[in-house]
């Protein structure tokens, strides 16, 4: 550890005179060598906790972040302060990857940013294993909890990585943790209760408001708000990419300077739009939830939820981007019960049906003791989204049925820059003999040479990680250009005697429980919109924080509590039912099951539908988007039963 104190580094490296609440306490816990959790509101300076600590520790700090844009922004900021930080991700060229890898090996970095998936990548593990990792900082750590609003299976593997890489201390960070999620984080990373630093979520400068409206009245309501309130930076959150485009166009047509932001835009457009917003050249962003994480703009005066947020966690995180400078800011929710249909359809569309679950399980258990698969292949073959497949695999790991044995590249090839003789001349006789055996297992094409890794293992007597490190050493010396592809997963079957029927049922129950949890979150937002007492108190109570009525939300200032119109019942015509049955006969793999048909009618893509261009353009796709998914599925099941009898 260096001799500077946190206070002197805060001023000299980061330019701040005082710590924000919770920052110094978190840093001091880490400096004693203990694990810590920092639960701070959005924009309260969580990242400083690991950035400053990293400068006071020897070795490397690895930062786990789920978002590329967030990594890039932080690294640019750190480099501007002459702090050595880099990232390893899929956007880097081979030359860039090699440069960062060399910097890691040579100990030239203080911070390395990676995604959670990277910690199961064999190439990365070969690079990082043996390095002194003084700190692992896990951003968005609520993703480790199935009770969190953004559960990601790869987060569950981080505790195992902490042990295998001999990480000295861990910092878990989040802005949205309920007491249950906080407990899950602490258990996963062995954090003592006294070392959970929770500064609370109350922001006295935020004015929460709810306005009930019908769907077709929102455009005029938004224009009215923009016209009657003082000008200021604003984010308008919507559900769909097309809504972001439309609302931005509406505002521009009415004299406002606005731009859309969503994941469907080209990277350069998203980057330019965000930079223009940060600089104040574009004051209004109309965005899906793809926008906001890592956006550290202090003077956002308004956050409008044009559509209903999908839960308290999302709402707190998104509204938390307003008023970070401490000045008064307004967060207004345009509440319409019809929005529940879109949100629910996303949830229901992710849940695999019994047939899909059975298919994946049988594929794995029929593969023998050594399982070699890709999530992409399973998703394609059983028509389940790839992230959902990964979740299913993780559940089977947690049940002790299979054990993850690492990712690997099935295709290893290289382009030599010199003859084999000249390459071997640069190594000792024993090293050259080892490389000669590897070269003997290669097959040459016109440009690229392909390595038979199985043959090389047999010929050399070494495991693939040793062979791969040898190939990477050739690249480090710029003797070859190495190219790895064919990313696959390996599992070991642990449990032999399995009651498959019970396993199918247990997995199906897990997915349906998670589905109900997400549906309940949406229902809770409707209840919040109809709250008759303090809105701020109701919101914070979800996160375990009790406050007196705030005195500055809409209800506290005299607004009448809203009562939302309930969604009307919709029937699916006999014509649609007849046409979807006929279409399912033509495309049984994509539409053979009722849940597949319901997804299709509600406009929810799936791997099997995406693979058929003719299906994506079919007029039945999205024809029932206005109808709750559960109603569509119930009608299809009833129709199927009637046809069977």
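Observations
- Among the numbered conditions (1) closer than 30 Å to residue 198 by Cα; (2) touching a helix residue (DSSP H, G or I) at 6+ places or on another chain (Cβ under 9 Å); (3) part of a helix (DSSP H, G or I); (4) in contact (Cβ under 8 Å) with a residue 24 or more places away in the chain, the only one that residue 536 does not meet is (2).
- The residue that is nearest to residue 377 (Cα to Cα), counting only those in the range 585-603 that are surrounded by fewer than 21 Cβ atoms within 10 Å (Cβ to Cβ) and in contact with a helix residue (DSSP H, G or I) (Cβ under 8 Å, 6 or more places away or on another chain), is 589.
- Residue-level analysis places residue 378 outside the set of residues that are under 25 Å from residue 145 (Cβ atoms), in contact with a helix residue (DSSP H, G or I) (Cβ under 9 Å, 6 or more places away or on another chain) and either in a loop (DSSP other than H, G, I, E, B) or in contact (Cβ under 8 Å) with a residue 24 or more places away in the chain (or both).
- Which listed residue is over 26 Å from the mean Cα position of the chain (by Cα) and not in a loop (DSSP other than H, G, I, E, B), from 357, 412: 412
- Residue satisfying all of: in the range 439-466; within 39 Å of the chain's Cα centre (by Cα) and over 16 Å from residue 408 (Cβ atoms); surrounded by the fewest Cβ atoms within 10 Å (Cβ to Cβ) among these: 447
- Selection of the range 415-465 for residues being without any contact (Cβ under 8 Å) to a residue 24 or more places away in the chain and in a strand (DSSP E or B) yields 442, 443, 444.
- Every condition in (1) over 24 Å from the mean Cα position of the chain (by Cα); (2) surrounded by 15 or more Cβ atoms within 10 Å (Cβ to Cβ) is met by residue 560 except one, and the failing one is (2).
- Residue that is surrounded by the fewest Cβ atoms within 10 Å (Cβ to Cβ) [pool: residues in the range 239-255 that are touching a strand residue (DSSP E or B) at 6+ places or on another chain (Cβ under 6 Å) and more than 19 Å from residue 308 (Cβ to Cβ)]: 252
- Residue check, residue 234 within 21 Å of residue 319 (Cβ to Cβ), touching a helix residue (DSSP H, G or I) at 6+ places or on another chain (Cβ under 6 Å), surrounded by 21 or more Cβ atoms within 10 Å (Cβ to Cβ) and modelled with pLDDT of 95 or more: no
- Consider the range 92-118 and keep the residues that are more than 18 Å from residue 469 (Cβ to Cβ) and in contact with a helix residue (DSSP H, G or I) (Cβ under 6 Å, 6 or more places away or on another chain). The one that is surrounded by the most Cβ atoms within 10 Å (Cβ to Cβ) is 113.
- Residues that are surrounded by fewer than 21 Cβ atoms within 10 Å (Cβ to Cβ), on the phi > 0 side of the Ramachandran plot, assigned by TED's automatic domain parsing to the domain that holds residue 303 and in a loop (DSSP other than H, G, I, E, B) occur in the range 324-341; there is at least one.
A quick yes/no check of all residues on (1) assigned by TED's automatic domain parsing to the domain that holds residue 484; (2) under 15 Å from the mean Cα position of the chain (by Cα); (3) crowded, with 20+ Cβ neighbours inside 10 Å:
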| site | (1), (2), (3) |
| --- | --- |
| 133 | no, no, yes |
| 145 | no, yes, yes |
| 153 | no, yes, yes |
| 165 | no, no, no |
| 174 | no, yes, yes |
| 177 | no, no, yes |
| 181 | no, no, yes |
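- Restricting the range 467-497 to residues that are at pLDDT 90 or above and assigned to a strand (DSSP E or B), the residue that is farthest from the chain's Cα centre (by Cα): 480
- Residue 40 meets each of the listed conditions (1) surrounded by fewer than 18 Cβ atoms within 10 Å (Cβ to Cβ); (2) closer than 27 Å to residue 323 by Cα apart from (1).
- A search for C-beta distances below 6 Å between a residue of the range 548-575 that is on the phi > 0 side of the Ramachandran plot and any residue that is at pLDDT below 95, counting only pairs 6+ apart in sequence or on different chains, returns nothing.
- Qualifying residue in the range 386-399 (condition: part of a loop (DSSP other than H, G, I, E, B), outside the structural domain of residue 284 (by TED's automatic domain parsing), in contact with a strand residue (DSSP E or B) (Cβ under 8 Å, 6 or more places away or on another chain) and farther than 30 Å from residue 552 by Cα): no
- Within the range 75-87, no residue that is outside the structural domain of residue 64 (by TED's automatic domain parsing) and more than 19 Å from residue 295 (Cβ to Cβ) sits with its Cβ atom under 7 Å from a residue that is exposed (fewer than 15 other Cβ atoms within 10 Å of the Cβ) and modelled with pLDDT of 90 or more at 6+ positions apart or across chains.
The values are calculated or read from the model by the stated rules, or taken from the named source; none is laboratory data. Quantities reported herein were computed from a predicted structural model and do not represent experimental measurements. Heads up, the Cβs are rebuilt from the backbone with ideal geometry, glycines too, and the neighbour counts pull from every protein chain shown.
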